[in-house]
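Working notes, structure below.
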Amino acid sequence: MNEELAEKLKYLRLGGLLGHWDEYLKLAAGKRFSHGQLLTYVLEEECRIKRDNARKLRLQRARIPENLVIETYPFHRQPQLNKKMIMALYESFDMKSSQNIIWLGPTGVGKSGLATSFLNHAIEQGYTGRHIPFAELVAELYQAVGDHSEEKVIKRYLSYDCLLIDEIGYVEVEPVQVGLFFTLMARRHKKKPTLTTSNLGFRDWGSFLKNDHLTAALVDRLTENSHVINMKKCGTLRPKLSQEE
């Protein structure tokens, strides 16, 4: 390939063709491709490469700390967890339903692993996503109050097709943080799915949220149109869990 042609391919952003030019020509000669067959093959490969690069970029932007997938989840370590129901929920999970999924249970039962696999599933389907620990999210919301960028921060988290908020309950929060967190959840409600994990049952959320009314409103908003998986009682999976539980 001469330099002029290489520059044209760069201008057209045909990176796959630029990187595999000789390989494509050799393949075409070996399989005796017609001109049409060669063009079709090149275009299909270019699309495949661009889709894969876009997927990798979405995955990078999601900031997932450990890239866990459902295929490697150790269901054998949770024998009472209803694998069939989990897999059915996983396979039917999409952005159109806008259903939240909440995992409850103590540290070490695999909540974050399952939640991460659902986030990965959304990214593989072509959607944008983001993983963020609850402590980091509320700290960012609190900082936004100081520089009056609350709306900007909330809009950023509203923009993700699928949002995973991990480990709700490890930090105590100020009333203003609870209010902003509620605003974010309320504005995502029935529009885009939110995945959450918590080491505490809903009735214990008041211990760190420090506001009974907002806690009740937040739990009600999160659990409406949601699936709740209680991993203290392996196998519990249903669309709605009452606050008392």
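I'm told residue 108 meets every condition in (1) assigned to a loop (DSSP other than H, G, I, E, B); (2) touching a Pro at 6+ places or on another chain (Cβ under 8 Å); (3) of a type outside the set (Ser, Thr, Tyr) except one. Can you identify the failing condition by its number?
Of everything listed in (1) assigned to a loop (DSSP other than H, G, I, E, B); (2) touching a Pro at 6+ places or on another chain (Cβ under 8 Å); (3) of a type outside the set (Ser, Thr, Tyr), residue 108 misses just condition (2).
Could you check the range 8-103 for helices (runs of 4 or more DSSP H) lying wholly inside it with 1 or more residues that are out of contact with any Cys (no Cβ under 9 Å at 6 or more places or on another chain) and within 30 Å of residue 227 (Cβ to Cβ)?
35-62, 83-92
Kindly indicate which of 138, 173 is surrounded by 15 or more Cβ atoms within 10 Å (Cβ to Cβ), in contact (Cβ under 8 Å) with a residue 24 or more places away in the chain, within 20 Å of residue 215 (Cα to Cα) and within 21 Å of the chain's Cα centre (by Cα).
138
Determine whether residue 56 is within 30 Å of residue 116 (Cβ to Cβ), loosely packed, with under 12 Cβ neighbours inside 10 Å and at pLDDT 90 or above.
yes
What's the number of the only condition in (1) buried (at least 16 other Cβ atoms within 10 Å of the Cβ); (2) more than 26 Å from residue 126 (Cβ to Cβ) that residue 20 fails to meet?
(2)
Would a scan of the range 15-38 turn up a residue that is touching a helix residue (DSSP H, G or I) at 6+ places or on another chain (Cβ under 7 Å), under 28 Å from residue 133 (Cβ atoms) and of a type in the set (A, V, I, L, M, F, W, C)?
No, the range 15-38 contains no residue that is touching a helix residue (DSSP H, G or I) at 6+ places or on another chain (Cβ under 7 Å), under 28 Å from residue 133 (Cβ atoms) and of a type in the set (A, V, I, L, M, F, W, C).
When you look at residue 69, is it surrounded by 15 or more Cβ atoms within 10 Å (Cβ to Cβ) and either in the same structural domain as residue 229 (by TED's automatic domain parsing) or within 16 Å of the chain's Cα centre (by Cα) (or both), yes or no?
It is false that residue 69 is surrounded by 15 or more Cβ atoms within 10 Å (Cβ to Cβ) and either in the same structural domain as residue 229 (by TED's automatic domain parsing) or within 16 Å of the chain's Cα centre (by Cα) (or both).
In the range 135-170, which residues are β-branched (Val, Ile, Thr) and over 21 Å from residue 101 (Cα atoms)?
Correct list: 145, 153.
Going residue by residue through the range 187-199, is there one that turns out to be touching a residue at least 12 places away in the same chain (Cβ under 8 Å), surrounded by fewer than 20 Cβ atoms within 10 Å (Cβ to Cβ) and among the hydroxyl-bearing types (Ser, Thr, Tyr)?
No: the range 187-199 contains no residue that is touching a residue at least 12 places away in the same chain (Cβ under 8 Å), surrounded by fewer than 20 Cβ atoms within 10 Å (Cβ to Cβ) and among the hydroxyl-bearing types (Ser, Thr, Tyr).
Which residue out of 48, 63 is touching a residue at least 40 places away in the same chain (Cβ under 8 Å) and among the basic types (Lys, Arg)?
Result of the check over 48, 63: 63.
The values are calculated or read from the model by the stated rules, or taken from the named source; none is laboratory data. Model, not experiment: these values are computed from the prediction. Heads up, the Cβs are rebuilt from the backbone with ideal geometry, glycines too, and the neighbour counts pull from every protein chain shown.
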